[in-house]
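Bear in mind these aren't lab numbers, they're just calculated from the coordinates by the rules spelled out. These figures come from a predicted structure and were not determined experimentally. Here Cβ is always computed from backbone atoms with ideal geometry, including for glycine, and neighbour counts include all displayed protein chains.
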Amino acid sequence: MTRILLIHHSPTESTRRIADAALSAAQIPELAELGDLELVEVAALEPDIDQVLSADAYVLGTTANFGYISGALKHFFDTVYDHVREPTAGRPFSYWIHGGYDTTGAEKAMEAITTGLGWSLAQQPVVWTGAVEEEHLEQVQEMTATVMAAAAD
């Protein structure tokens, strides 16, 4: 079985909609043709090193808070980083960032952390500010599906 972790912090109704859009990628019929894929939702406040090590790919999600990734996702990386850096290098990933006004610092943080981990960007991240529109949800679903397909290769 190919396991993809969806690691996110979605504390509001609108950010929960984003996570649900990512989860809906698992229902895309074309992905079933790629084999046995499992998309596992992980709360960023509940880091599990073994879970990260056993996954084949990662989809990350965060809000941009005070110019940075959410404290919850930062906590996740702080907990697992040293333990998973070498064994997971090269694995596919992507992410979404939703901000109210600016995502620049959060984008830089995600790039720095994932570069340090050595993960391989499988799809351009979905990053935006303002309201969560249907277009954004579709982009997150597509991005997630692409990461899942990359993990199946």
Checklist line | region 35-57, subset surrounded by 16 or more Cβ atoms within 10 Å (Cβ to Cβ) and in contact (Cβ under 8 Å) with a residue 40 or more places away in the chain, residue farthest from A150 (Cα to Cα) | finding: Q51
Check: Within region 107-153, which residues are among the hydroxyl-bearing types (S, T, Y) and not in a helix (DSSP H, G or I)?
Finding: S120, T129
